[in-house]
Amino acid sequence: MSQTKPDIYQSNHCPPCPPTASTVDKCIYWLGIGLGSGLPRRAAGTWGTVGGLVVALPMIWAGFWVFVVVTLIGLIIGSFICGQTSRLMGIDDDPHIVWDEWVGMWVSLLPTVFVLHQFGQLSDFYPNSITFWIVIVLSFGLFRLFDVLKPAPISWADKHVSGGFGIMLDDVLAGIIAGMITVIIVFSFAPMT
């Protein structure tokens with residue numbers, strides 16, 4: 001497997017799943033590339049994050065505990081999905097592997113969803129509210145900012161932790177930081193009843 005991480009600022013072709021891969025491996029590969037959201041040649045991580053956000057919304061609308069459980073499952077199986085997809089591609093941490101972006105985006109939404117749940121306002125979290133759009137834009141924008149710029153400790157994790165866990169870790173850290181900042185900004189200015 002190549003140890004060289006492709007340049008995310010260049011147009012990159014998504015390495016195909018080997019035709020000899022088993023049906024299970026093909027399913028893992030498709031989860032790894034975010035059900036196709038990681039296929040674009042440019043900005044695969046951003047498109048993957050959009051895919052993760054699209055998936056997150058019905059999870060949130062299904063209820064707080066559904067969102068928490070699916071996010072935890074995504075975290076638990078994420079190292080395996082990312083590691084196996086990387087092996088199938090033959091490239092360590094290819095930018096088209098976006099399961100980590102999906103889970104990172106879910107993690108970035110988790111603190112705000114928790115607070116909305118605690119205040120009984122999660123049932124009002126729909127596109128017709130200003131809070132919805134502020135949360136979505138802040139969570140998405142801050143997550144992408146931290147995922148791309150990789151300030152410490154994200155940069156340390158990206159450079160020193162390898163394999164499927166390493167692929168996941170930097171995005172989870174970016175999601176935690178983005179989520180904490182989002183919840184502080186949103187609820188510093190939003191009235192809670």
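The values are calculated or read from the model by the stated rules, or taken from the named source; none is laboratory data. The model shown is predicted, which means the values in this text are computed figures rather than measured ones. Cβ: placed from backbone, ideal geometry, glycine included. Neighbour counts: every protein chain shown. Side chains included, ligands, DNA and RNA excluded: accessible areas come from the protein's heavy atoms. Shrake-Rupley method; radii C 1.70, N 1.55, O 1.52, S 1.80 Å.
Mind checking the angle between helix 130-149 and the chain's longest principal axis? C-alpha axes, 0 to 90 degrees, to the nearest 10.
Computed tilt is about 30 degrees.
For the chain, find the longest principal axis of its Cα atoms and tell me its angle to the long axis of helix 99-118, 0 to 90°, nearest 10.
10
Before anything else, pin down the relative contact order of segment 1-120: Cα pairs under 8 Å, at least 6 apart, normalised by residue count, whole percent. Kindly include the intermediate steps, with their values, before the conclusion.
Values: 146 pairs, mean separation 46.0, N = 120.
Relative CO of segment 1-120 lands at 38 percent.
Kindly provide the pair-distance distribution of the chain built from C-alpha pairs, with 10 Å bins from 0 and whole-percent values in order of increasing distance.
Going out from 0 Å in 10 Å bins, the chain shows 10, 38, 33, 15, 4, 0 percent.
Please list Trp61, Trp133 from largest to smallest accessible area, probe radius 1.4 Å, with all protein chains kept in place. Walk me through the numbers before you get to the answer.
Working: Trp61 95, Trp133 125 Å².
Result, largest first: Trp133, Trp61.
Give me the 1.4 Å probe accessible area per residue for segment 143-193, excluding ligands and nucleic acids, in Å². Show your work: numbers first, answer last.
Numbers: 2590 Å² over 51 residues.
Value for segment 143-193: 51 Å² per residue.
For segment 42-125, max minus min Cα coordinate along each principal axis, in Å, sorted largest first?
Between the extreme Cα coordinates on each principal axis of segment 42-125 lie 47, 26, 16 Å.
Note down the relative contact order for segment 57-193 as a percent, whole number, built from C-alpha pairs under 8 angstrom at least six residues apart.
On the way: 157 pairs, mean separation 46.4, N = 137.
Worked out over segment 57-193, it gives 34 percent.
Can you pull out the chymotrypsin sites (Phe, Trp or Tyr not before Pro) in segment 5-54 whose DSSP state is coil and whose Cβ has at most 11 other Cβ atoms within 10 Å? Please list the in-between numbers first.
Numbers: sites: Tyr9, Tyr29, Trp30, Trp47; in loops: Tyr9.
Passing both the DSSP loop test and the Cβ count: Tyr9.
Which lysines have a Cα less than 27 Å from the Cα of Lys150, not counting those fewer than 8 places away in the same chain?
Of all the lysines, those that pass the test against Lys150 - Cα under 27 Å, at least 8 places apart if same chain - are Lys5, Lys159.
Ignoring any ligand, DNA or RNA, what whole percent of the accessible area of segment 35-193 comes from carbon and sulfur when the probe is 1.4 angstrom? List each step's numbers first, then the result.
Working: 5250 of 7100 Å².
Accessible surface attributable to carbon and sulfur in segment 35-193 totals 74 percent.
Quick one: Karplus J couplings for segment 46-59, per residue in order, coefficients 6.51, -1.76, 1.60, θ = phi - 60°, nearest Hz, x for Gly and Pro?
Once θ is set to phi - 60°, the couplings for segment 46-59 become 5, 5, x, 5, 4, x, x, 5, 4, 6, 5, 4, x, 5 Hz.
On average, how much accessible surface per residue is there in segment 1-120, in Å², for a 1.4 Å probe, leaving out ligands, DNA and RNA? Write down the numbers at each step before the final one.
On the way: 5540 Å² over 120 residues.
For segment 1-120, the per-residue accessible area is 46 Å².
Roughly how tilted is helix 163-189, in degrees to the nearest 10 and between 0 and 90, from the longest Cα axis of the chain?
Helix 163-189 sits roughly 20 degrees off the main axis of the chain.
Identify which of Met168, Met105, Met180 has the largest mean-square fluctuation in a Gaussian network model of the chain, with springs joining Cα atoms closer than 10 Å.
Highest fluctuation among the options: Met180.
So what does Ile181 come to for accessible area, using a 1.4 Å probe and Å² rounded to 10?
60
If we count every other residue with Cβ under 13 angstrom of Ile177's Cβ, Lys/Arg +1 and Asp/Glu -1, where does the sum land? Don't jump to the answer; show the numbers that get you there.
Working: positive: Arg144, Lys150; negative: Asp147, Asp170, Asp171.
Computed value for this residue: -1.
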